[in-house]
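Below is one structure, written out as structure tokens, with a few remarks after it.
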Amino acid sequence: MDYQKILEDIYQEILPFANKGEQASYIPALAKVNPNQFGIALTTTSGETYSYLQAQTRFSIQSISKVFALAMALSLDGEDLWKIVGKEPSGTAFNSLVQLEVEKGKPRNPFINAGAIVIADRLMTLLPDPDKEFLGFIHALSGTESIDYNLEVAESEREYGYLNAAIANLLKYHGRIENNIEDVLMFYYRMCSVEMNCIELAQAFLAFTNHQHFDFGGYKLSSSKIKRLNAVMQTCGFYDEAGEFSYLVGLPGKSGVGGGIVAVHPLHYSVAVWSPRLNSKGNSVMGMKALELLTTYTEESIF
């Protein structure tokens, strides 16, 4: 498979979508990012990496970070984790309060904001230095120790995070978080602010592609747990557009409002794409189209 040519051909075909959508303007630091950028990287389980255009430009991974947090929490808590957060698609906006109130404060899944805040709280309870541990885990997965938080982005999210604050207070009311609300939110914002590029993300997600062995930074997951984590990405990884992504692309993955998307073809490859302009669901316009074409060109998906 000539992946390099495929990546280059994909870009040429999605150029008509280059000016569609807009950045996540509700986070001012993200609104300042040049929207006219595109990067893509694919890493195979045999060790080859292919990339094109701005694949080495770092960006705020936002909700993609929730996969790393979930992996850590699963390693620490095992199946008990599902007592505090569900694993069903939400069918509502990722920052919805309505569903959370109806379901008495138990988040529908770990990738909506409420679920990720509960996971952040759990990591704060279990780890003596969650900030350091979280970054260390990403360093181990990616093999890159220069990856760091962008504190400007984190502060921007904190300053305008009124809805997340409401979610956290509702979670606290229902006894779903243990730690100080402001501390939990700041840890959550720092997780979302982590900056990585497409090559680093593809390398980090290779661990979720090859489920035969997972032991990174002191965190271990069985083959069964990695498969189940992939299942949650498949059904819940794209806000309330997960069904569309599953239908068009056919790979487990996770998106973020920074414009990044990562997907895995189990036992074959991981792929990361970045383009800041988002559709109405909060997913990268060019990123979604690029991955649809990837599985179309290769005629490979999990189905």
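Counting only residues that are surrounded by 21 or more Cβ atoms within 10 Å (Cβ to Cβ) and of a type outside the set (A, V, I, L, M), which one in segment 247-259 is farthest from LEU278 (Cα to Cα)?
Looking at the filtered set, the residue picked out is PRO252.
Could you tell me whether segment 174-188 includes any residue that is assigned to a helix (DSSP H, G or I), modelled with pLDDT of 95 or more and under 22 Å from THR144 (Cα atoms)?
Scanning segment 174-188 turns up at least one residue that is assigned to a helix (DSSP H, G or I), modelled with pLDDT of 95 or more and under 22 Å from THR144 (Cα atoms).
Residue under question is VAL285, and the condition is that it be in contact (Cβ under 8 Å) with a residue 40 or more places away in the chain, more than 18 Å from GLU88 (Cβ to Cβ) and surrounded by 24 or more Cβ atoms within 10 Å (Cβ to Cβ); does it hold?
When the stated conditions are applied, VAL285 does not pass them.
Being surrounded by 23 or more Cβ atoms within 10 Å (Cβ to Cβ), of a type in the set (Lys, Arg) and out of contact with any strand residue (DSSP E or B) (no Cβ under 6 Å at 6 or more places or on another chain) narrows it down to one of LYS66, LYS83, so name that one.
The unique qualifying residue is LYS66.
Of all the residues that make up segment 153-177, how many are basic (Lys, Arg) and either surrounded by fewer than 16 Cβ atoms within 10 Å (Cβ to Cβ) or out of contact with any Pro (no Cβ under 8 Å at 6 or more places or on another chain) (or both)?
Selection size over segment 153-177: 2.
For the condition in contact with a Pro (Cβ under 9 Å, 6 or more places away or on another chain), of a type in the set (S, T, N, Q), surrounded by 14 or more Cβ atoms within 10 Å (Cβ to Cβ) and modelled with pLDDT of 95 or more, what is the one hit in GLN37, GLN99, GLN54, GLN23?
GLN37
I'm trying to understand the selection: among the residues of segment 53-63, which are in a helix (DSSP H, G or I) and touching a Ser or Thr at 6+ places or on another chain (Cβ under 7 Å)?
SER63 - this is the single residue of segment 53-63 that is in a helix (DSSP H, G or I) and touching a Ser or Thr at 6+ places or on another chain (Cβ under 7 Å).
So which of ASN150, ASN180 ends up being surrounded by 15 or more Cβ atoms within 10 Å (Cβ to Cβ) and not acidic (Asp, Glu)?
Sole residue among the options that is surrounded by 15 or more Cβ atoms within 10 Å (Cβ to Cβ) and not acidic (Asp, Glu): ASN150.
Counting only residues that are in contact with a Phe, Trp or Tyr (Cβ under 9 Å, 6 or more places away or on another chain) and small (Gly, Ala, Ser), which one in segment 143-184 is nearest to ILE112 (Cα to Cα)?
ALA168
How many residues are farther than 21 Å from ILE61 by Cα and either surrounded by fewer than 19 Cβ atoms within 10 Å (Cβ to Cβ) or out of contact with any Lys or Arg (no Cβ under 6 Å at 6 or more places or on another chain) (or both) if we restrict to segment 200-218?
Residues flagged as farther than 21 Å from ILE61 by Cα and either surrounded by fewer than 19 Cβ atoms within 10 Å (Cβ to Cβ) or out of contact with any Lys or Arg (no Cβ under 6 Å at 6 or more places or on another chain) (or both) within segment 200-218 amount to 6.
Does segment 229-249 hold any residues that are in contact (Cβ under 8 Å) with a residue 60 or more places away in the chain and of a type in the set (D, E, K, R), and which are they?
ASP240
Go through MET186, MET191 for me and flag whichever is buried (at least 21 other Cβ atoms within 10 Å of the Cβ) and either in contact (Cβ under 8 Å) with a residue 12 or more places away in the chain or of a type outside the set (S, T, N, Q) (or both).
Going through MET186, MET191 in turn, the sole match is MET191.
Tell me, which helices (runs of 4 or more DSSP H) lie completely within segment 73-164 with 3 or more residues that are acidic (Asp, Glu)?
In segment 73-164, the matching helices (runs of 4 or more DSSP H) lie at 151-159.
Taking GLN62 and the conditions (1) in contact with a Pro (Cβ under 9 Å, 6 or more places away or on another chain); (2) within 19 Å of LEU201 (Cα to Cα); (3) not β-branched (Val, Ile, Thr), which numbered condition does it fall short on, given that it satisfies the others?
Here GLN62 meets the rest and fails (1).
I'd like to know if segment 174-182 contains one or more residues that are over 19 Å from LEU123 (Cα atoms) and either touching a residue at least 24 places away in the same chain (Cβ under 8 Å) or basic (Lys, Arg) (or both).
no
The values are calculated or read from the model by the stated rules, or taken from the named source; none is laboratory data. The shown structure was predicted, so the numbers you read here are calculated from the model rather than taken from an experiment. Reconstructed Cβ throughout: ideal geometry from the backbone, glycine too, with neighbour counts over all protein chains shown.
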